[in-house]
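Each remark here refers to the structure printed beneath this line.
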Amino acid sequence: MRPVGGVALFAIAAVVSDSLVGVATAGINLWYASLVDRMSRDFESVSEAAMRTGELLIRGSGVARFFIFLVAVAGFLAWLFRVRTNAVSLSLNGHRHSRAWVIAGWVMPISWFWIPKQIVDDIWRASTPPGSAKGPSPCAWRWSASG
């Protein structure tokens, strides 16, 4: 059993950062759209410096969003892999998929609809003490809501 607290905090911080950068990017996009809209009505009303600044902000926020998203994905998958590894020692019935599917399930076309859920369900089942109520995993709503 390896501790998961540090990896979990990193993953949470990365996902929150990604969300914050996403909100900032949306704000920048709205601001730039209003700038372009104003320019389309009156070309002279927007300075060239404002357009350059807008373009720079659009590019910069896109690049930042991409890299922070990659960090969030890596943090989440590292956490999920560690939790899955710990769940192997707790499992009485085994798991439906090998550890490789912890990552492959998210990137293989079509399989991403059910394999990640099965992996999380197996982890949930393995981490629930024997004899206790084992209702659906906390993320079951995610898959049922998107279907």
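The set of residues in the stretch 44-92 that are under 27 Å from the mean Cα position of the chain (by Cα), in a helix (DSSP H, G or I) and among the hydroxyl-bearing types (Ser, Thr, Tyr) comprises Ser61, Thr85, Ser89. Here Ala49, Ala24 are screened, and the one residue that is in contact with a helix residue (DSSP H, G or I) (Cβ under 9 Å, 6 or more places away or on another chain), open to solvent by less than 80 Å² (accessible area, probe 1.4 Å) and at pLDDT 90 or above is Ala24. Out of Ala133, Ala145, Ala104, one residue alone is at pLDDT 80 or above, among the small types (Gly, Ala, Ser) and farther than 21 Å from Pro3 by Cα. It is Ala104. Farther than 30 Å from Gln118 by Cα, at pLDDT below 95 and either open to solvent by 50 Å² or more (accessible area, probe 1.4 Å) or in a helix (DSSP H, G or I) (or both): is that true of Val36 in this structure? The answer is yes for Val36.
When every residue of the stretch 93-101 is checked against the conditions, at least one turns out to be part of a helix (DSSP H, G or I), at pLDDT below 85 and surrounded by 15 or more Cβ atoms within 10 Å (Cβ to Cβ).
Every residue, every condition in (1) closer than 25 Å to Ile115 by Cα; (2) in contact (Cβ under 8 Å) with a residue 24 or more places away in the chain, yes or no:
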{"site": "Thr25", "(1), (2)": "no, yes"}
{"site": "Ile58", "(1), (2)": "no, yes"}
{"site": "Val63", "(1), (2)": "no, no"}
{"site": "Phe67", "(1), (2)": "no, no"}
{"site": "Ala72", "(1), (2)": "yes, yes"}
{"site": "Arg82", "(1), (2)": "yes, yes"}
{"site": "Ala87", "(1), (2)": "yes, yes"}
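The values are calculated or read from the model by the stated rules, or taken from the named source; none is laboratory data. Since the structure is predicted, the reported quantities are computational estimates derived from the model, not experimental observations. Ideal geometry is used to build each Cβ from the backbone, glycine not excepted, and the neighbour counts take in all protein chains shown. The area values use the complete protein model at the heavy-atom level, side chains included, leaving out ligands, DNA and RNA. Shrake-Rupley method; radii C 1.70, N 1.55, O 1.52, S 1.80 Å.
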